[in-house]
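One structure below.
Here, each number is a calculation from the coordinates, and none is a lab measurement. A quick note: this is a predicted structure, and the numbers were derived from the prediction, not measured. Neighbour counts are summed over all protein chains in view; Cβ atoms, including those assigned to glycine, are modelled from backbone coordinates with ideal geometry.
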Amino acid sequence: MATIQSIGVIGAGQMGCGIAHVCAAAGYKVHLYDLSRDRIEAGLATINGNLARQVSNGKLSDDERKAALSRISGSADLNDLAPVDLAIEAATEEEAVKRKIYAQLCPILKPEALLATNTSSLSITRLASATDRPERFMGIHFMNPVPAMKLVELVRGIATDETTFTTAREFVSTLDKTVTVAEDFPAFIVNRILLPMINEAIYTLYEGVGSVDAIDTAMKLGANHPMGPLQLADFIGLDTCLSIMQVLHDGLADSKYRPCPLLVKYVEAGWLGRKTGRGFYDYRGETPVPTR
């Protein structure tokens, strides 16, 4: 197996910061890349805040927090990822964006470096074909929020070799995560099941069966879900929910995956959930208020 000692994370958003956080806490040297220094600074501040929360919850000592932060460096220069053993792309869920990143990143990486994507729905085989190392490419799909969620989906493309898979599996185990192996089908396992449930909840709202509050209360108390489906959609990001539903609809050609028109409307309005201040709830006040 290849030895993984340093990790490159491409994207300092919610997922990229979470991945950098757990890798640094596990003892890996982490290089966090994004397009601008402002994004990197915001990402590092988020990581620091999340590590501090773990200290206050008794999950880390303050010395461990400081040590984890010392292992993370941020850069707006992709060339700084040249020495990493494993690069994990955690960019937005758009195939064109990911392909552009691979075109710029692959010539920089050392030939033996592994490349992974954190895509939540796109074809690993197709993404691998846009790289110079399909045998050393695979899906390592972390769940959100990464520090709290124990599951990681591993997904091989048609060209992924056994050494890459074994190395990725061993790497994930060092992060104190549980692996589940999914085949390379649209949205894999978790989102293949979860997103149609969320989409159906939005249809239930769209058709007037229940209000936002009624639907979320019903699923929290009637199905023992920790978070209602509309609240969860806001947490994930409505643009991400729509992207995954479109991948399912296009990839499986089944009308049951048709995105709800209300989801499309909210995304068109720029009401993407928590990250924009409005989605199925309005987050601009002290407490979230349903928008329908």
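With n ≥ 4 as the cut-off for DSSP H runs, can you work out [θ] at 222 nm for the chain, using -39500 (n - 2.57) per run divided by the number of residues, rounded to the nearest 500?
Value at 222 nm, helices only, nearest 500: -13500 deg cm²/dmol.
Once fully extended, how much extra length lies between ASP250 and SER75, figured as 0.36 nm per residue of separation less the alpha-carbon to alpha-carbon distance? All intermediate terms of the calculation are to be shown ahead of the outcome.
Numbers: separation 175, 0.36 × 175 = 63.00 nm, distance 3.59 nm.
Fully extending the segment from ASP250 to SER75 adds 59.4 nm.
If we sort 23-31, 79-87 on the protection proxy, mean other Cβ atoms within 10 Å, highest first, what's the order? Walk me through the numbers on the way to the answer.
Details: 23-31: 21.0, 79-87: 19.0.
So the order, starting with the most tightly packed, is 23-31, 79-87.
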For the modelled label position 7 Å from the Cα of VAL97 along Cα-to-Cβ, which residues of the stretch 238-266 have backbone nitrogen atoms closer than 14 Å? 238-244
For the pair LYS66 and MET149, the simple spin-label estimate (label points 7 Å beyond Cα toward Cβ) gives in nm 3.3 nm
What ³J(HN,Hα) values, in whole Hz, does the Karplus curve 6.51 cos²θ - 1.76 cosθ + 1.60 give for the stretch 252-267 when θ = phi - 60°, with x put for Gly and Pro? 10, 6, 10, 5, 5, 9, 5, x, 5, x, 5, 4, 4, 5, 4, 5
Tabulate in residue order the Karplus-calculated ³J(HN,Hα) for the stretch 218-230, using 6.51 cos²θ - 1.76 cosθ + 1.60 with θ = phi - 60°, rounded to whole Hz; enter x for Gly and Pro. 4, 6, 5, 8, x, 10, 6, 7, x, 9, x, x, 6
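Taking 0.36 nm per residue of separation and subtracting the Cα-Cα distance, what length does fully extending SER211 through PHE185 add?
Working: separation 26, 0.36 × 26 = 9.36 nm, distance 3.34 nm.
Roughly 6.0 nm would be gained on extension.
Which order, highest average first, do 5-15, 184-194 follow once you tally other Cβ atoms within 10 Å for each residue and take the mean per peptide? Intermediate results must be reported in sequence, preceding the final value.
Values: 5-15: 23.0, 184-194: 18.4.
By packing density, highest mean first, the sequence is 5-15, 184-194.
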Label-point separation (nm) for ALA45 and LYS265, each offset 7 Å from Cα along Cα-to-Cβ? 3.6 nm
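What order do you get for 88-100, 135-147 when each peptide is scored by the mean count of other beta carbon atoms within 10 Å, highest first? Present the calculation step by step, with values, prior to reporting the outcome.
Working: 88-100: 18.0, 135-147: 22.0.
So the peptides 88-100, 135-147, ranked by packing, come out 135-147, 88-100.
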If you compute Cα extents along the principal axes in Å for the structure shown, which of (1) 57, 54, 35; (2) 55, 46, 33; (3) 63, 47, 34 do you land on? (2)
